[in-house]
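Inspection log for the structure reproduced underneath, given as structure tokens.
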Amino acid sequence: MSTSAPLAGRRIRAAVIGTGAIARGSHLPALAKLAEEGETEVVAAVDIDGAAVEALRAEGVVQHAYTDLERMLEEQRPDLVTICTPPTLHREQTIAALRAGAWVWCEKPPVPTLADFDAVEAEEGTESGPYASIVFQHRFGSGSRHVRRLLAEQSMGRPLVAHCQTTWYRDTAYYAVPWRGRWHTEGGGPAMGHGIHQMDLLLDLLGPWSEVRAMAGRLVHDVETEDVSTALVRFENGTMATVVNSVLSPDEVSRIRIDCERATVELTHLYGHSNADWCITPAPGVPGEEAAAWLDFGADVPSSHLAQLRDLVADMRAGERPRSSGADGRTSLELITALYKSAFTDTTVKRGEIGPGDPFYTALHGGTPGWAPVVADRTVVTEEVCA
């Protein structure tokens with residue numbers, strides 16, 4: 001495996017794979033901001049659509065345009081590759097970048113299965129990288145950092161009860177796009193593609209989960225995956241949580257609430273949060289000075305791709321494993337896999353029990369009758385996506 005070149009005293013050479021909305025709206029602006037600060041330069045972009053990637057080069061957003069990933073990696077030797085392509089491509093592209101000595105920052109969901117995640121992790125460097133991290137930007141920013149510290153220190157007492165809610169709305173036109181709502185191309189339903197951000201943040205705040213009991217259903221949409229799921233999750237610290245992931249909810253909201261012994265902390269937002277989106281309600285009898293300290297979030301740093309990228313660049317320069325990579329990045333995918341297994345098999349699933357030999361290790365539907373896609377459908381979808 002190649003090793004990354006020393007990064008001290010120079011800009012980090014970044015390349016972007018995929019030039020769609022998430023690249024243009026989030027990755028490239030974050031990289032551009034750090035470029036203004038002397039931290040990065042975007043040396044290349046790759047896309048199967050030659051016209052799209054050439055347009056970025058013509059606009060001066062990137063230095064070089066490619067339609068071939070391997071050629072770009074060989075010619076440009078980037079330090080960092082950000083991946084903005086559909087989930088089915090993430091494993092292959094991440095491994096190619098790691099083998100070329102580049103660190104990786106990959107959009108969620110990271111890969112479709114735990115088997116894929118473990119294959120990626122096996123390609124990482126053993127010391128000082130390169131490492132592959134996942135875009136979980138809701139973990140980052142001043143609000144989540146402040147609350148994470150309060151919970152870790154148990155300033156508000158032990159966490160006891162939690163609620164995690166991703167209740168969004170997607171109409172039939174949304175699912176008319178051929179690759180949506182199908183296991184092979186989207187990876188999963190709202191638990192995987194929508195609720196993963198809030199579930200990941202809940203895990204980041206509360207620590208390891210221990211068991212899950214779930215239900216899933218197709219209540220409205222004609223899809224292979226679910227369009228709603230609910231789950232009961234027990235954490236190792238004893239906290240009991242409810243989780244709801246839906247694309248059937250006209251009043252859209254993303255919410256996390258944690259009831260501790262001495263206070264309730266709640267986050268209410270939609271696609272990103274700032275300090276003002278957090279609320280802490282002290283229990284009766286908590287001294288006013290102490291409650292006021294809990295409410296001091298400091299300077300407002302909203303959750304964003306930029307906030308996470310700043311931390312990632314700092315970790316790259318230090319040669320340290322970044323947050324949301326390795327075991328830390330795997331935890332939300334493992335919970336989602338367990339959620340599906342519990343829902344489809346009507347059992348309680350414990351953390352760590354899904355591994356090689358378990359059908360859910362290699363497919364989130366686990367081959368369950370009524371949920372697993374038929375082979376003919378999968379072939380058609382593959383052709384539509386590649387066309």
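The values are calculated or read from the model by the stated rules, or taken from the named source; none is laboratory data. Since the structure is predicted, the reported quantities are computational estimates derived from the model, not experimental observations. Cβ coordinates were reconstructed from backbone atoms using ideal geometry, including for glycine residues, and neighbour counts include every protein chain displayed. The area values use the complete protein model at the heavy-atom level, side chains included, leaving out ligands, DNA and RNA. Shrake-Rupley method; radii C 1.70, N 1.55, O 1.52, S 1.80 Å.
Descriptive notes on the structure:
- For the range 138-185, a residue qualifies if it is of a type in the set (A, V, I, L, M, F, W, C) and either part of a loop (DSSP other than H, G, I, E, B) or free of Cβ contacts under 8 Å to residues at least 60 places away in the same chain (or both), and the qualifying residues are PHE140, ALA152, MET156, ALA173, ALA176, VAL177, TRP179.
- Residue match in the range 285-303 (condition: among the polar types (S, T, N, Q), open to solvent by 70 Å² or more (accessible area, probe 1.4 Å) and either in contact (Cβ under 8 Å) with a residue 12 or more places away in the chain or in contact with a strand residue (DSSP E or B) (Cβ under 9 Å, 6 or more places away or on another chain) (or both)): no
- Single unsatisfied condition, ARG330 versus (1) farther than 30 Å from ARG13 by Cα; (2) in contact with a helix residue (DSSP H, G or I) (Cβ under 6 Å, 6 or more places away or on another chain); (3) not acidic (Asp, Glu): (1)
- Residue, least open to solvent (accessible area, probe 1.4 Å), within the range 325-372, restricted to residues that are farther than 16 Å from PRO109 by Cβ and polar (S, T, N, Q): SER342
- Verdict on PHE117 being under 25 Å from THR40 (Cα atoms), under 13 Å from the mean Cα position of the chain (by Cα) and of a type outside the set (Ser, Thr, Tyr): no
- No other residue among TYR131, TYR169 is over 20 Å from ALA299 (Cα atoms), touching a Ser or Thr at 6+ places or on another chain (Cβ under 6 Å) and open to solvent by 50 Å² or more (accessible area, probe 1.4 Å) apart from TYR169.
- Residue within the range 317-328 that is closer than 22 Å to ARG149 by Cβ, small (Gly, Ala, Ser), at pLDDT 95 or above and touching a Phe, Trp or Tyr at 6+ places or on another chain (Cβ under 6 Å) present: yes
- The single condition among (1) out of contact with any strand residue (DSSP E or B) (no Cβ under 8 Å at 6 or more places or on another chain); (2) open to solvent by less than 60 Å² (accessible area, probe 1.4 Å) that THR268 does not meet is (1).
- Criterion violated by SER274 - all others in (1) under 23 Å from HIS194 (Cβ atoms); (2) among the small types (Gly, Ala, Ser); (3) buried (at least 17 other Cβ atoms within 10 Å of the Cβ) satisfied: (3)
- Annotation for the range 89-110: no member residue is at pLDDT below 95 and among the polar types (S, T, N, Q).
- Annotation note: of VAL253, VAL228, the sole residue that is over 16 Å from LYS350 (Cα atoms) and either among the aromatic types (Phe, Trp, Tyr) or surrounded by 21 or more Cβ atoms within 10 Å (Cβ to Cβ) (or both) is VAL228.
- Any chance VAL228 is touching a His at 6+ places or on another chain (Cβ under 7 Å) and of a type in the set (A, V, I, L, M): no
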